[in-house]
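Worksheet for the structure shown next.
The values are calculated or read from the model by the stated rules, or taken from the named source; none is laboratory data. Being a predicted model, the structure only gives us computed values, none of them experimental. FYI the Cβ positions are ideal-geometry reconstructions off the backbone, even for glycines, and counts take in every protein chain you see.
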């Protein structure tokens, strides 16, 4: 990476004028694909930056360059006035750059305090420092860091293994580790993916506090409402280039959506074409051990019924029960007035009920298998030829038509699903569910981890399916998603439905207040 003396001097001078990190003319190529094209960015301590863009725009590559996971092909990083052609992960840590990835990079079988002290130990070992671990100092540092993020600092929590903690607490432990190491730049890669609104609000407070403590934060998220709630600067990437930067208050969500995708986002709320359509799925006094009880509702044709609540509200278990994965042991379910029993997933499929899980990577897709193999998985029984062998011609027709119908972007249907973007993976998962021609489609977190463009496409698909007469149950903790797409919305709390809210009355605050209310607010369903 040849860089002139003048360019280096200029970059160093910029760093001396207040920037902790100057990214100067950085390029990165993968097998001929130009992932980063001359990126120039300054990161100042105490500032919060939102790194935005569609999947494939270069966000992940830029994070990896900054954190030392990969090296740039051209350009340089200037950190505290010192020019670096490229970094190793340990060098990045030692310079105060801490990255909180989606998988958190925590060691599950180590305790909270051991995870918090891990970075310091790695840096010390890399520097061949024979530093003896000072247990008392480590405990003191860990307690102080945990207090900043609002976690318990007693010894019981400190010595709890990370694997038993809920996701929200693991996220905060990873941030506490960054605080304990006196990080000067904390990179957060989609940190709110598995968090409830209450947990997200708490994390937003922690991010603001980091800024007040003169720590720079680089925040990656597909949820623009969170970015606006946090405030700060935006950096927009498209096709490997920085195309916009500035205070987030200078933009609207629509403007940012257009910058990222090149098209206007459709933010119109969904409205049922026909109010009070024919009853499709009738659930009466449904219960499942300690998960939920006395659940009753009616799903009509052409209706998108929203279900929300905290993680322990029973909302997830309700979806699994309706899919036959976690069978209910009380109450009844009727489809078009006829009683049905859902004791296993095949029962749901045979009754025209399809389920799309939230975790597409671990619970949904066969990542190493092709698009074709994933799409036909639920229809194999109907794709057998005369001699009991799979009819390859029928498989090709079904998979090809589904790819066209859902606008899945792929060069061919034999490509492994793991090679697709998050949005296209999600469309494959939904497409597989649609191959059984369901009457009822249950979607659990259908836009988790997908970019704004893919999210808009999925919303349009859901609304089109409903307009065609399908009944859709949308289970989500994304309140804007529910408000935009659902009518009505059921709010669950402690295993029961505590409110039913119509689209006319639905807003984020009302749904959130219903979730956290001390007393159940029941309405006639």
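Checking residue 169 against (1) surrounded by fewer than 17 Cβ atoms within 10 Å (Cβ to Cβ); (2) under 17 Å from residue 105 (Cβ atoms), only one condition comes out false. Which one?
For residue 169, the exception is condition (1).
Across the stretch 39-66, what is the total count of residues that are over 20 Å from residue 233 (Cα atoms) and outside the structural domain of residue 186 (by TED's automatic domain parsing)?
0
Condition first: in the same structural domain as residue 465 (by TED's automatic domain parsing), under 21 Å from residue 470 (Cα atoms) and touching a helix residue (DSSP H, G or I) at 6+ places or on another chain (Cβ under 7 Å). Can you find one or more residues in the stretch 364-382 that meet it?
We begin by selecting, within the stretch 364-382, every residue in the same structural domain as residue 465 (by TED's automatic domain parsing); these are none.
Scanning the stretch 364-382, I find no residue that is in the same structural domain as residue 465 (by TED's automatic domain parsing), under 21 Å from residue 470 (Cα atoms) and touching a helix residue (DSSP H, G or I) at 6+ places or on another chain (Cβ under 7 Å), so the answer is no.
Let's see how each residue does on (1) crowded, with 21+ Cβ neighbours inside 10 Å; (2) modelled with pLDDT of 90 or more:
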{"residue": "454", "(1), (2)": "yes, no"}
{"residue": "462", "(1), (2)": "yes, yes"}
{"residue": "466", "(1), (2)": "yes, yes"}
{"residue": "472", "(1), (2)": "yes, yes"}
{"residue": "475", "(1), (2)": "yes, yes"}
{"residue": "489", "(1), (2)": "yes, yes"}
{"residue": "503", "(1), (2)": "no, no"}
{"residue": "509", "(1), (2)": "no, no"}
{"residue": "520", "(1), (2)": "no, no"}
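Would you mind finding the one in 442, 430 that is in the same structural domain as residue 317 (by TED's automatic domain parsing), in contact with a strand residue (DSSP E or B) (Cβ under 8 Å, 6 or more places away or on another chain) and either at positive phi or surrounded by 15 or more Cβ atoms within 10 Å (Cβ to Cβ) (or both)? Write out each step before concluding.
Working: 430 fails: in the same structural domain as residue 317 (by TED's automatic domain parsing).
So the residue among 442, 430 that is in the same structural domain as residue 317 (by TED's automatic domain parsing), in contact with a strand residue (DSSP E or B) (Cβ under 8 Å, 6 or more places away or on another chain) and either at positive phi or surrounded by 15 or more Cβ atoms within 10 Å (Cβ to Cβ) (or both) is 442.
Quick check on my filter: what residues within the stretch 133-154 are under 32 Å from the mean Cα position of the chain (by Cα) and loosely packed, with under 13 Cβ neighbours inside 10 Å?
Residue satisfying the conditions is 154 alone.
Of everything in the stretch 406-424 that's part of a helix (DSSP H, G or I) and surrounded by fewer than 14 Cβ atoms within 10 Å (Cβ to Cβ), which residue is modelled with the lowest pLDDT? Step through it out loud before you land on a result.
Step one: of the stretch 406-424, the residues part of a helix (DSSP H, G or I) are 417-419, 422-424.
Okay, now just the ones that are also surrounded by fewer than 14 Cβ atoms within 10 Å (Cβ to Cβ), so 418-419.
Details: 418: 88, 419: 85.
Among those that are part of a helix (DSSP H, G or I) and surrounded by fewer than 14 Cβ atoms within 10 Å (Cβ to Cβ), it is 419.
Restricting attention to the stretch 152-170, which residues are free of Cβ contacts under 8 Å to residues at least 60 places away in the same chain and assigned to a loop (DSSP other than H, G, I, E, B)? Lay out the reasoning, then the answer.
Of the stretch 152-170, the ones free of Cβ contacts under 8 Å to residues at least 60 places away in the same chain are 152-165, 167-169.
If the condition is that a residue be free of Cβ contacts under 8 Å to residues at least 60 places away in the same chain and assigned to a loop (DSSP other than H, G, I, E, B), then 152, 153, 154, 159, 160, 165 are the ones that fit.
Looking at residue 2, is it modelled with pLDDT under 95 and part of a loop (DSSP other than H, G, I, E, B)?
On the way: modelled with pLDDT under 95: yes; part of a loop (DSSP other than H, G, I, E, B): yes.
Criteria met by residue 2.
From the list 129, 139, 87, which residue is at pLDDT below 80 and either assigned to a loop (DSSP other than H, G, I, E, B) or in contact with a helix residue (DSSP H, G or I) (Cβ under 8 Å, 6 or more places away or on another chain) (or both)? Spell out the reasoning first.
On the way: 139 fails: at pLDDT below 80; 87 fails: at pLDDT below 80.
Unique residue meeting the criteria: 129.
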